[in-house]
Structure formats: structure tokens, C-alpha cells
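Everything below concerns the one structure shown next.
The values are calculated or read from the model by the stated rules, or taken from the named source; none is laboratory data. It should be emphasised that the depicted structure is a prediction, and the values quoted were computed from it without experimental measurement. So basically every Cβ, Gly included, is an ideal-geometry build from the backbone, and we count neighbours across all protein chains shown.
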Amino acid sequence: MPLNTQDTNVSADLLADLLTVQGLSIAYGPTAVVHDVSFSVAKGESLALIGESGSGKSTIAKAILRLLPHGEATATGRVALNGRDVLALPEKHFRPLRGRELGFIPQDPASALNPVRTIGAQAQEAAALLGETDPTVRRAKILDVLEQVGLPDPSRVYDSYPHQLSGGMLQRVLIALTVLPRPALIVADEPTSALDVTVQKLILDMLTELRRELDISLLLITHDLAIAAERADSLVVLKDGSVQESGPSLEVFASPTTDYARSLQADVPALHPDRYRNQRITLTPAHDGGSRTPASSAPDAGLQIDVRGVTKRFSAGGKDVLACDGVSFSVERGRTHALVGESGSGKTTAVRLLLGLEQPDGGDITVAGQSTSGRSRADVREIRRHLQLVYQNPFTSLDPTWRVGRIVREPLDQFGVGTKAGRAQRVRETLEAVGLPSEVASRRPAHLSGGQRQRVAIARALVVRPDVVVLDEPTSALDVSVQAGILELLSKLQRELGLTYLFVSHDLALVRQVADSVSVLRRGHVVEDGPVEEIFHRPQHPYTRALLGAIPLATAPTEEQTSKQLAKATA
Amino acid sequence: MTSDYKRFALTRAGQAVIVVLLAYVLTFLVISVLPGDAITNTLRDPQHGLSEEDIQRIVAFYGLDQPVIVQLLLSLGRFLTGELGFSLQSNLPVSQIVGDALPSTLTLATSALLIAIVFAVVIAYGAQYLPGRWAAIVRSIPSFFLSVPNFVIGLVLIELFAFRLHSFTTTDPNSPVATLFAAITLAIPVSAPLAEVLIASLDHESRQEYALVARSRGLSEAKLFAKHLVKPSALPSVAMVALIVGELLGGSVITETIFGRDGIGTVVQKAVTGEDQPVLQAVVSLSAVVFVAVNLVADLASPLLDPRVKLRESKLREKVSA
């Protein structure tokens, strides 16, 4: 039959590739953000689009899902799903594909569900895609899938509002709603970057298993090369809207061919645990040679920070929450100590107590040999001068209406340091020290990149020449390549100025690169502490092991990947 | 509802009663510090033809020979028992004067409010879903509505629909059609701020990630609007509606005058010119009651619309741990 041959011709082509993207270009108005991108996802396969902010990865995802803002963005090229050109379809014919063929898992689960409607009401919409009209049957199916994604007490979840659930639970809900109509392809846009590391691993494991069970293809959008390599069969590396490199994950990950992919790979902390350590160890003696750094002007090299049995209780709703329960740690001069923990671990409270922003209920905090308890505000202020903070998010921590020069000078004005000319000179030196050109001083934060902003925040902390700098997740808002630059700068400054760092992070791989010692916090307790090598090689506490296990590491091919590649090779 | 909500509702209702009483006291004090002894002036007016006995009785009733504070307490006591006194101009009970005028004004204000809400929703929907240029035009409607004074709209509508198109006659201002046009006159300026709030919150909500995710679930724009966007966008609008009621009360005075309707507006106008203190006091208190009641309803509705509204500080989220 002539009709049939034509059909088989087409379907043979389709069976190979569920999703084909050919020459996709996307522009916002006159600004092109994606240039001529092509890739394809086979049925049951997973592909990761990797890139840093501005690489166009999310824009490509939105174009495939046809969720780009109307009238603002134009996509040209061909996006074929099961052979149908998605971009050319009128909305009326595309809508039936939404959810049923194409699922979407968004980045931030906390904002991805309507806050004023129950989980159940929103799940009903997803269940309606199955063609089931009876709400009670739909409800049963919803409860099933909620159970399937590992949510305890599904009927309670069904009746909950989004704000009553944790981020990890919400992401499970979203995955449940996405897989419920059994789509052929799921587009997941950074599905775990808003979650704690251990939760991230659980969610990714669950997603991998569901995919295998239900034979769903995955297009994973991520900035994290390690996650991509661990979870996807093939990778597409994007930069500035163009494909840099693509191929099977293991190949790209193990031996990247382009410079960009190589540098991305080099910037993954988990792969290069000793990157900054080597620099530090070899260069520390140079500092002992003695210049007039603040550290060497102090007589002895003892403990810069000594926190002993600090307790802080918050009461909320009649319930007492122990944010810190006998937390102790200490940091030697010129060393880096890390506080590691997930949300709710008490690390932020510990930092606030150290900085004097909160008063401890018990215990003692000593900074540079001076106890902070039972002192007047003025005294604490003077101590705090030796103690500066670099805040997590440089996009919100700098006053957008101030120029950089004023931002950096502010602490000097506050403490009334030196003359006006002297302060201006100090600001110039500090900006230079953090690797910023002097003309930056006259710019406002909006005109700076994320990395430059964080350098400004570092300069602001260093301008009063503190002994101790508290780094609160200093790179978590930044791209990996930018992160590498900031970490390099921090390690250089530590070397040159003899600074003591308290590094707060949830990222163990990062901590391993930068810290000498570490305290692992969980629910206000220090569950384990010691030198970094020891914690990493011989973790004692099960929680530390769980944290370490959550670091994505695609050094060896996973079972799934090997079997897939074997299947491919034999096909 | 929960006991938390009951406690919240009772607290708010108690606060509302206090606000009404304070408004009453304030009105009384403002009227009493006005130059001239209004009541005595009116009573002594020979036109009234009151006998010295009558005057003495009235003076005793209002406690006019007593200090202001005693007068206030007497007046407040009467107000609490629902006794509003007598008009100084007509000698009719104030409750009767207000009661006669109230239905007309309530009809006007209520229909105006409903029309304003319809206008606002239609404008906001158009601003959201009409194609580019049309949406821009629709978006400019609220500022246009705001910039045209109430009486100009009224006169234009009368000229156009009563005199040219003969949709209604000005001689029967209480006919349904005439009432409709009066209500439209009142609704137009009032709908503008409401539409603006609604447009802004719809803009905000439709850009939220949950709207994107709902769209990815295959919801049509109309369903997305009705199921997802209306409720969260309604939250700021509900507060706005409560404020708008104040404008409606003020605007109805002008509108009633233009359309020649008898209502609270006319009563106020006569009472002010005639220095009719008991009537003024009653009307101002009534306005306070209406305004406070509507705001109370808005307050009580917001926790029902938004589950995130905390009723008490101590009510912590019940987090089910992951």
C-alpha cells in the first residue's frame, strides 16, 4: 500500500527522535538570544542543556513549551515533537499537547503553585488531561501519584495549600502533577537548584526512577555540569545562545573538546577538590615573611574566633525552637573554617550571633581574644570592626541608588577612619585589591555583573582591614565560572592579608576546595567537626555521609547509562 | 471556621463598633464648636412659631442648658438606643427622614458599585487579553475616567440619553432606566481606581511562575483567568472596594442633585443649609456605619480568600516535614 510506506518512512524517522530541534533562533525584540541551536532527544532518552546565566538554556526550554511571552519573543527554526512542528502549530492545536505530551517541571517549587488554591484543586487540572470526568476517580488517581512520588499522607497533601508544605514536598507535588498525564517528554528547568542538597539527590533519584518506569524522555536544563553528567545520557553545552559542544555525557564530561566546556568542567568544585589548597599551601610561607598586614601586626597567632556552647532559642507560636543548641567551633588565625548545613540547620543563626546581630541565650563568643558577652554596644561595635560579612546575594545586598565608591567607603565613614582623602585612597586600593578597575567606583550596582558585584561586596568588607571575614554562601548566587574567580580572589586575599575566614555553605564540594576545617550542623547541633580531609574521607555521622553522598559525581558511568549505551551500540 | 477565625472576627467587629462611636463623638464635637448655637437659633426663629413651653421641652430634651460634655453623653446615649431625635426644620423624627431617603440612595449606590465592579473587571480583562494596540487603549481608560468630573458625565448622559435618545425622562428620576443612568454616572469615576488595581495585580499574577506552569498543563487563557488569576488578583481589589464605598457616599450627593433624585444627598443638602444638627449628626453617623461595615466585611473576607493571611501572630505554619 502506498499510504503505508509513506507512513513507515515518517515514523521510522520519528521513532528515533521524540524531540528534534533544528536551527532554533530566538530573539527578544531586536536582540537575538539564541542562535541556530540544534539537538534531538530520542524516546526514553535524557538530554541536558548546560549553560550559565544568559546562555539561553531556559529560553530554549520555554520556546519548546511555547511559554515565551507573547509578542515579546520570536522563535524561528523547527521544533518537532513526534514529527509535528510545535512552533508552526496554532495554539488551538498545540494546547492538547500541553501536559499530555509535554510536561514541565519549573525551577522554584515555592512559586510554581497557585498560593490561594489547594494542591488538590490544581492537581485536578492535571488529572483532567487524562480524560477522566469524574472528580472522585480523578482524586483517587491523584492520591496514587502523590504516593508514587514518595509523599507521606497524600490526602493531607491534597487538602493543603502550597505554603503549608516544604520546598522538597512541593517539588514532589509538581513532579507528580507532571507525570500524572504520562507525557512523552518532560522539560525540567533547574528542577532542584532551589532545594537543599540531600533533598536534591532524593528528588533526582525519584525522577530518574519514574522516568525509567514510565518511559518518559527528559530535557534537563541546568547550570550544574556534575548534575547533568550524572543524570543525562547526552549533553548540549550552551554559551551566549550558541551550542559549544554536544555529545554523550560521559564523553563531553570526561574529555571536553572546546575551551568553554573545558573551563566549565574545571570549575566544577567536586572534580577538583584541591584546586585552591595547592595555592594556599605553597604560598602561605610567603606571608610569614612578614609585610605590614593586619594579621602580622598582631602578636600571636592563636584562635581568631572561639565560639563555646552557644545556645539561641526563638519562640514562635508558643513553641520554642532551638536554632542553636550548644554550638561550638573555633577558627585559627589565617585559616578557613566552614559551617555546613541545610536550611534550618542553624548556620545562619550562628553567624548572626557571631556578628552580634542577635544575643545568645547561653555560651560565650570570643573574637580576637575578646569576649563579646556582657559588653556595651559601643564595645561590640568596635569588635565587629574586626569582623566583616560578605553576604550571600550581591544582587540584593548593595544599595542600587549608591555608586560603588560610596558603597565601599561606607564602613570607613561609619567608623570615622582617617581623612577624606585618606578614605578615598583606601577605597581605590581596596577596589584594586579585589580586581576591579578604578572606573567602577563611579558606577551603580545595576551596571555591574554578578561577579563584579560580589567583588564590590568583598571590597566593602575589606576596606576597614578586618581580621575575620564571614562569607555567607558568597558564591551561591553566581555562575560556576564566576564562582571560580571569586574563590581564587578570596584565597589570594587570605594569603596576602592573613585573613581568617568563616565560610558558610550548603555545598560540601565547595567547602572541600576552600576550607581547612569544617563543622557540620543539623537542627542546631554540630553533628561532626574536624579537618576537611578527615570529614571527607572518614565521615562518622550518618548525616555527614548523606551530605557527601548527595554531591553529584559522574566519574563512572551509571548502570542506566551503560545499559543505554550498550543498547545503542548494538542497535 | 476555626476558633482562630472566630476570635479574629470578633476582635475586628469590636474594633468596628469603637470606630463608629468615635466617628459619632467627632461629628458631635465638630458641629458643637461651629460658630453660633444652631439649635437655639432655629428654635428662636419666629417662623417656627414654637411656644416658649415647646422650646423649653426641646432644650431639656437635648440638654442644651447643660455643658457640651453632658450634651454629648445624652446624645450618645440616645444614639445607642436608636433614638435619633427630631429634625429642627420639619419636626419630623430624624429616623423617618433618613428612612424615607435611604432606599433611593442605597439602590443608587449599590447598583453603582456593581456597575463599577463590572466595568473594572471588563477593563482589566481587556487590558490583559486584547491584542497589543487595543490593550494599550483599554489601559488608558481608567485615567480618562478619573479625569472627567462626576457632574460632567451626568450632564452628558442626560443630554444624550434623556434629551436626544429619549431613553428616560428627567421628570421621573426614580424610574429603573433613570436610576441605571444615575448609577452609571456614579460608577464611572469609581471604577477607575478599581480597574487600575485590578490591572496591576493581574499583570503581576500572570507573570508568576504558577501561571506559566498552569499554562503548561494545557489550561486555556480563559480558564487560567477564571481559575488561577481572579482570586489572587481580587485580594487587593477587595480592599479597594471597601475604600470606594466612601467615594460612592460622597458622589451620590452630587449625582442625586444632577438627576433630581430624592435621597440622602438631598437630605444632607437641606440639613446643611438649615443648620439641622440632629439630621446632620444622624447622616454622618450612618455614613460611618456603612463605611465601617463594608470595611469590616472586606477584612473578614481576606482570610477566606487568601489562606496565607495570618489571623494571629502566633499561628505558625504547620509544616509537614519532608
(message) I'd like to check something: does segment A:21-30 contain any residue that is under 23 Å from A:Glu251 (Cα atoms), at pLDDT 90 or above and assigned to a strand (DSSP E or B)?
(response) yes
(message) Can you tell me how many residues within segment A:433-450 are surrounded by fewer than 21 Cβ atoms within 10 Å (Cβ to Cβ) and under 24 Å from the mean Cα position of the chain (by Cα)?
(response) 5
(message) I'd like the full set of residues that are under 23 Å from the mean Cα position of the chain (by Cα), assigned to a loop (DSSP other than H, G, I, E, B) and either of a type in the set (A, V, I, L, M) or facing chain B (nearest Cβ under 7 Å) (or both), limited to segment A:99-116.
(response) A:Pro106, A:Asp108, A:Ala112, A:Leu113
(message) among the hydrophobic types (A, V, I, L, M, F, W, C) and not in a helix (DSSP H, G or I): is that true of A:Val456 in this structure?
(response) no
(request) Mind listing just one residue for me: the one in segment A:237-272 that is surrounded by fewer than 16 Cβ atoms within 10 Å (Cβ to Cβ) and of a type in the set (A, V, I, L, M, F, W, C) and, of those, nearest to A:Val511 (Cα to Cα)? (result) A:Ala266
(message) Restricting to segment B:112-142, count the residues that are under 19 Å from B:Ile184 (Cβ atoms) and of a type in the set (Gly, Ala, Ser).
(response) 5
(request) Quickly run through segment A:48-68 and pick out the residues that are touching a Phe, Trp or Tyr at 6+ places or on another chain (Cβ under 7 Å) and either in a loop (DSSP other than H, G, I, E, B) or of a type in the set (Ser, Thr, Tyr) (or both). (result) A:Arg66
(request) Those residues that are in a helix (DSSP H, G or I), within 16 Å of B:Ala116 (Cβ to Cβ) and either without any contact (Cβ under 8 Å) to a residue 60 or more places away in the chain or among the acidic types (Asp, Glu) (or both), I need them from segment B:144-155; list them, please. (result) B:Phe144, B:Phe145, B:Leu146, B:Ile153
(request) Identify all residues within segment B:1-29 that are of a type in the set (A, V, I, L, M, F, W, C) and modelled with pLDDT under 85; write none if there are none. (result) B:Met1
(message) Can you tell me which condition A:Ile365 does not meet? The list is (1) surrounded by 13 or more Cβ atoms within 10 Å (Cβ to Cβ); (2) without any contact (Cβ under 8 Å) to a residue 12 or more places away in the chain; (3) of a type in the set (A, V, I, L, M, F, W, C), and all the others hold.
(response) (2)
(message) Suppose the filter is touching a helix residue (DSSP H, G or I) at 6+ places or on another chain (Cβ under 8 Å), at negative phi and surrounded by 19 or more Cβ atoms within 10 Å (Cβ to Cβ); does A:Ala338 pass it?
(response) yes
(request) Would you check if B:Glu196 is assigned to a helix (DSSP H, G or I), of a type in the set (D, E, K, R) and surrounded by 23 or more Cβ atoms within 10 Å (Cβ to Cβ)? (result) no
(message) Conditions first: (1) of a type in the set (Phe, Trp, Tyr); (2) out of contact with any Ser or Thr (no Cβ under 7 Å at 6 or more places or on another chain); (3) surrounded by 16 or more Cβ atoms within 10 Å (Cβ to Cβ). A:Phe39 passes all but one, so which condition is the exception?
(response) (2)
(request) May I ask you to say which residue of A:Arg423, A:Arg409, A:Arg381 is farther than 24 Å from A:Gly450 by Cα, at pLDDT 90 or above and part of a helix (DSSP H, G or I)? (result) A:Arg423
(request) Go through (1) surrounded by fewer than 24 Cβ atoms within 10 Å (Cβ to Cβ); (2) touching a Phe, Trp or Tyr at 6+ places or on another chain (Cβ under 6 Å) and name the single condition A:Leu471 misses. (result) (1)
(request) Taking A:Ser155 as meeting all but one of (1) surrounded by 15 or more Cβ atoms within 10 Å (Cβ to Cβ); (2) within 14 Å of chain B (Cβ to nearest Cβ), write down the number of the exception. (result) (1)
(message) For a quick check of your reading of the model, give me the residue pairs whose first member lies in segment A:455-484 and is small (Gly, Ala, Ser), whose second is assigned to a strand (DSSP E or B), with beta-carbon atoms closer than 6 Å and at least 6 apart or on different chains.
(response) A:Ala457/A:Val390; A:Ala461/A:Gln388; A:Ala461/A:Val390; A:Ala461/A:Val469
(request) Check B:Leu43 against each of (1) of a type in the set (A, V, I, L, M, F, W, C); (2) assigned to a helix (DSSP H, G or I); (3) closer than 19 Å to B:Leu280 by Cβ; (4) modelled with pLDDT of 75 or more and name the one condition it does not meet. (result) (4)
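Residues are listed down the side, and each one gets a yes or a no for (1) part of a helix (DSSP H, G or I); (2) touching a residue at least 40 places away in the same chain (Cβ under 8 Å):
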{"site": "B:Thr110", "(1), (2)": "yes, no"}
{"site": "B:Leu157", "(1), (2)": "yes, no"}
{"site": "B:His166", "(1), (2)": "no, no"}
{"site": "B:Pro189", "(1), (2)": "yes, yes"}
(request) Scan segment A:163-189 for residues that are part of a helix (DSSP H, G or I), under 28 Å from A:Thr20 (Cβ atoms), at the interface with another protein chain (Cβ under 10 Å from one of its Cβ atoms) and of a type in the set (A, V, I, L, M) and jot them down. (result) A:Leu174, A:Leu177
(request) Would you mind stating whether A:Lys92 is in contact with a Leu (Cβ under 8 Å, 6 or more places away or on another chain), outside any strand (DSSP E or B) and not hydrophobic (A, V, I, L, M, F, W, C)? (result) no
(message) Contact list please: Cβ distance under 7 Å, first residue in segment B:281-306 and within 14 Å of chain A (Cβ to nearest Cβ), second residue hydroxyl-bearing (Ser, Thr, Tyr) and assigned to a helix (DSSP H, G or I), pairs at least six apart or on different chains.
(response) B:Pro303/B:Tyr5
(request) State whether the residues of segment A:127-146 include one that is surrounded by 18 or more Cβ atoms within 10 Å (Cβ to Cβ) and either of a type in the set (Ser, Thr, Tyr) or at the interface with chain B (Cβ under 8 Å from one of its Cβ atoms) (or both). (result) yes
(request) Might you check whether a residue that is modelled with pLDDT of 90 or more and among the acidic types (Asp, Glu) occurs anywhere in segment A:534-555? (result) yes
(request) Output the residues belonging to segment B:206-229 that are hydroxyl-bearing (Ser, Thr, Tyr) and more than 8 Å from chain A (Cβ to nearest Cβ). (result) B:Ser206
(request) Scan the strands (runs of 3 or more DSSP E) fully inside segment A:206-269 and keep the ones with 3 or more residues being in contact with a strand residue (DSSP E or B) (Cβ under 8 Å, 6 or more places away or on another chain), under 17 Å from A:Ser53 (Cβ atoms) and not small (Gly, Ala, Ser). (result) A:217-222, A:234-239
(request) State whether the residues of segment A:288-296 include one that is closer than 30 Å to A:Ala368 by Cα, within 27 Å of the chain's Cα centre (by Cα) and either among the basic types (Lys, Arg) or modelled with pLDDT of 75 or more (or both). (result) no
(message) Taking the criterion of being within 12 Å of chain B (Cβ to nearest Cβ), of a type in the set (S, T, N, Q) and surrounded by fewer than 21 Cβ atoms within 10 Å (Cβ to Cβ), would at least one residue in segment A:205-212 satisfy it?
(response) no
(message) For the structure I just gave you, tell me whether B:Pro232 is at pLDDT 85 or above and either within 14 Å of chain A (Cβ to nearest Cβ) or more than 15 Å from B:Leu102 (Cα to Cα) (or both).
(response) yes
